[in-house]
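Enquirer: If you scroll down you'll find the structure; I have some questions about it.
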Amino acid sequence: MFIQLENKGALKKLLVGDFQAQWDQGLVLGAGLTFQKQVITGPRKVHLGIIPHTGTREYDYYRGIGIEFQSKGFLISSIVSYRKLDAQILEPDSVDILSRSVPSILKTGLHRTQLELSRRSQLPELLLGMHVSRSWSRKLTTSLSSAIRRFAIPLIPAPTLHNAIAFSGNHNLNYSGNIEYQLNNMNLFGQVAFSNNRAWAAIAGLIVGLSHKVSMMLLVRNYHKEYHSISSNAYGTVTGNTNEQGIYWGFQFAPSPRWSFGSSTDFYRLPFATFSSDESKHGHQQLVRIQFKPAKNGYLDFYWRNRKRLVNHKTNSTKLTHD
């Protein structure tokens with residue numbers, strides 16, 4: 001539920017209720033889905049600003065007030081959100097738990113059983129965010145973003161190997177700088193973000209139209225293993241944009257308005273242990289897409305994907321899988 005007001009003088013948008021925020025490439029705040037099957041446009045995020053939440057998911061949105069002002073090349077956005085998240089509260093009933101804590105935030109949105117109902121809306125969360133961008137010309141835009149989240153009860157993950165680098169505490173601060181530059185048929189973009197533990201994450205990309213039929217994309221990313229941003233949604237294989245390094249290359253050829261051929265390759269490395277692997281792992285993914293549009297109101301898509309990654313056996317050893 002939300003109420004929205006738009007385009008009233010310098011006020012570009014005022015939104016009260018449930019909303020999302022997609023700023024820059026998503027290393028601080030990200031929203032929506034990543035369409036990785038789109039070879040050229042999929043990995044690149046588009047700045048959407050503050051947008052209403054119209055989906056059915058009960059986790060990845062905010063509840064409060066979002067406001068945007070635009071004047072003389074500046075765009076200023078600010079959000080305030082307060083809501084209660086689903087979580088299991090661990091009470092201090094043993095020598096191992098010194099105070100109340102939360103091992104993880106529950107993101108399923110399911111409340112079917114008495115146990116699930118008992119964990120509903122247990123963790124109060126306050127979010128404050130601000131984004132300022134400046135369009136210096138039609139070619140160059142720069143921006144700064146920041147967001148702080150505070151929980152009433154600290155998050156303390158279970159002491160497992162892959163949780164050794166996970167976020168722990170009751171507040172997290174993120175701030176970032178972003179740049180976009182357009183020159184003829186070439187688009188450059190990049191974002192660098194930091195969390196309050198001084199860990200960083202960076203992403204940079206290049207989209208080039210080699211001709212009116214051929215286009216190419218190159219994207220590199222490096223997310224430090226201790227970078228913490230609970231609401232980020234930049235391109236990557238790991239949720240939360242942490243513990244990942246990678247390079248993506250995409251190519252698309254459209255010989256006619258009806259036919260389009262695309263291919264992409266993504267190589268990545270996860271330096272630290274993850275939920276599916278107890279050791280550093282490498283992986284890659286290839287995607288081929290062919291699209292045919294027989295009419296204006298319809299199209300056919302063909303996809304082929306090859307993916308290689310390391311996962312644990314049930315016996316705790318690691319194996320290489322193809323899917």
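The values are calculated or read from the model by the stated rules, or taken from the named source; none is laboratory data. Just so we're clear, the structure is a prediction, and the values are computed from it rather than from any experiment. Counting neighbours? That spans all protein chains shown, and the Cβs are built from the backbone with ideal geometry, glycine included. Heads up: the accessible areas ignore ligands, DNA and RNA and are worked out on the full protein's heavy atoms, side chains in. Shrake-Rupley method; radii C 1.70, N 1.55, O 1.52, S 1.80 Å.
Enquirer: Give me a count of the residues in region 203-232 that are in contact (Cβ under 8 Å) with a residue 60 or more places away in the chain and open to solvent by less than 40 Å² (accessible area, probe 1.4 Å).
Expert: 10
Enquirer: Between residues in region 127-140 that are among the small types (Gly, Ala, Ser) and residues that are not in a strand (DSSP E or B), which pairs lie under 6 Å by C-beta distance while being six or more apart or on different chains?
Expert: SER135/GLY73
Enquirer: Shifting gears a bit: Could you say which residue among TYR223, TYR248, TYR235 is modelled with pLDDT of 95 or more and within 28 Å of VAL132 (Cα to Cα)?
Expert: TYR223
Enquirer: Continuing with this model, one more query. For region 234-260, what are the residues that are open to solvent by 10 Å² or more (accessible area, probe 1.4 Å) and part of a strand (DSSP E or B)?
Expert: GLN245, GLY246, ILE247, TRP249, PHE251, GLN252, PHE253, TRP259, SER260
Enquirer: Quick check on region 203-221: of everything there that is farther than 15 Å from GLU180 by Cβ and part of a strand (DSSP E or B), which residue is farthest from the chain's Cα centre (by Cα)?
Expert: Out of the qualifying residues, it is VAL214.
Enquirer: Right, next: Quick check: is even one residue across region 50-59 within 20 Å of ASN163 (Cβ to Cβ) and among the hydroxyl-bearing types (Ser, Thr, Tyr)?
Expert: Looking for residues that are within 20 Å of ASN163 (Cβ to Cβ) and among the hydroxyl-bearing types (Ser, Thr, Tyr), one finds at least one in region 50-59, hence yes.
Enquirer: Hey, can you tell me all the residues within region 174-194 that are under 19 Å from LYS225 (Cα atoms) and open to solvent by 60 Å² or more (accessible area, probe 1.4 Å)?
Expert: TYR175, VAL192, PHE194
Enquirer: Of the residues that make up region 195-202, is at least one part of a loop (DSSP other than H, G, I, E, B), buried (at least 16 other Cβ atoms within 10 Å of the Cβ) and not acidic (Asp, Glu)?
Expert: Taking every residue of region 195-202 in turn, at least one turns out to be part of a loop (DSSP other than H, G, I, E, B), buried (at least 16 other Cβ atoms within 10 Å of the Cβ) and not acidic (Asp, Glu).
Enquirer: I would also like to ask the following. Which residue pairs have Cβ atoms closer than 7 Å, lie 6 or more positions apart in sequence or on different chains, and pair a first residue in region 1-27 that is within 22 Å of ARG83 (Cβ to Cβ) and without any contact (Cβ under 8 Å) to a residue 24 or more places away in the chain with a second residue that is part of a strand (DSSP E or B) and of a type in the set (D, E, K, R)?
Expert: MET1/ASP18
Enquirer: Could you count how many residues in region 131-168 are in a strand (DSSP E or B), more than 21 Å from the chain's Cα centre (by Cα) and more than 30 Å from LYS13 (Cβ to Cβ)?
Expert: Of the residues in region 131-168, 2 are in a strand (DSSP E or B), more than 21 Å from the chain's Cα centre (by Cα) and more than 30 Å from LYS13 (Cβ to Cβ).
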